[in-house]
Amino acid sequence: MTDKKAMRTIRSFVRREGRLTPGQERALDKLWPEFGIDEGTETLNLDVLFGRDAPKVLEIGFGNGASLAEMAKQQPDHDFIGVEVHRPGVGQLLKSIETDALSNVRVACTDAVELLKSRVPDKSLDRVQIYFPDPWHKKRHNKRRIIQPAFVNLLTNKLKHGGHLHLATDWQDYAEQMLIDVSANERFQNCSHSADYIERPDYRPLTKFEQRGHRLGHGVWDLLFKRV
């Protein structure tokens, strides 16, 4: 008999729905048809999705979307796809899209791993960014972390040659694991001169959460790898 438990996919997230504010709910109802990526199985044509040929950036787990919206505003020549499983965060990003009149953002409310596997074409992304993913800090839960060798290999397939993977975390243990797992993939080259971490690039906004961490003396580790 097949062991169903063994076949079950280990998720890197838990859906905690939370309550939508009236503004978030309105944004979902009004703006999703224009800026949302519906569930499906067909491969996406990213140039058609945005109506132009421009560098494509995928962010996984954007939270409330403030950082992603700021990046999209500062880089109008780039197109951004944000993936988040929590609908209040999706609604909040859609509000920002409307407030800032952003035409270069699209939003998916789904499992990023499944989206990458089934809908994102190979060699179509110029950058993948994953900022402050759930650290699953208890050792028995480390297997739930999104950065694992198999996922890193999936990302190499989706990035163009010369594209970048940018990671950031405030958990040193996770930073060290990320460094090991990505460095082990021969299709990635570390952009750090010291073969470990980099200073926060100007294009990644400093979040309120991060500012608070700095005040409390917490560290943040940025990793940048180039697809070769």
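Going through the cross-link list LYS30/LYS73; LYS95/LYS158; LYS123/LYS143; LYS56/LYS117; LYS56/LYS139; LYS139/LYS160, which pairs have a Cα-Cα distance over 24 Å in this structure? Present the calculation step by step, with values, prior to reporting the outcome.
Numbers: LYS30/LYS73 21 Å; LYS95/LYS158 29 Å; LYS123/LYS143 27 Å; LYS56/LYS117 17 Å; LYS56/LYS139 35 Å; LYS139/LYS160 34 Å.
Beyond 24 Å: LYS95/LYS158; LYS123/LYS143; LYS56/LYS139; LYS139/LYS160.
With a 10 Å cut-off between alpha carbons and a GNM built on the chain, which of HIS86, HIS161, HIS218 moves the most?
The residue with the greatest mean-square fluctuation here is HIS218.
Counting alpha carbon pairs within less than 8 Å and at least 6 residues apart, what relative contact order, in whole percent, applies to region 125-226? If you can, show how the numbers build up before the last one.
Working: 130 pairs, mean separation 35.3, N = 102.
In percent, rounded to a whole number, it is 35.
Considering Cα pairs under 8 angstrom that are at least six residues apart, work out the relative contact order of the chain and quote it in whole percent. Provide the component values of the computation, followed by the final result.
On the way: 383 pairs, mean separation 45.6, N = 228.
It comes to 20 percent, rounded to a whole number.
Which of these, ARG19, ARG187, ARG215, has the largest mean-square fluctuation under a Gaussian network model of the chain (Cα springs below 10 Å)?
Of ARG19, ARG187, ARG215, the most mobile in the Gaussian network model is ARG215.
Dividing the alpha-carbon radius of gyration of region 129-198 by 2.2 N^0.38 Å (N being the number of residues), what value is obtained? Walk me through the intermediate numbers first.
On the way: Rg = 11.9 Å, N = 70, 2.2 N^0.38 = 11.1 Å.
Relative to the rule-of-thumb radius for its length, region 129-198 sits at 1.08.
Out of LYS158, LYS30, LYS117, any idea which swings most in a Gaussian network model of the chain, alpha carbons joined below 10 Å?
Top of the fluctuation ranking is LYS30.
If N is the number of residues in region 50-198, what value comes out of its Cα radius of gyration divided by 2.2 N^0.38 Å?
Numbers: Rg = 15.3 Å, N = 149, 2.2 N^0.38 = 14.7 Å.
With N residues counted in region 50-198, Rg over 2.2 N^0.38 Å equals 1.04.
By DSSP, what percent of the beta bridges with both residues in the chain are antiparallel, rounded to the nearest 5?
Looking only at bridges with both residues in the chain, the antiparallel portion is about 35 percent.
Each value in this text was obtained by applying a stated rule to the coordinates, not by laboratory testing. This structure is a prediction, so every number in the text was calculated from the model and none was measured.
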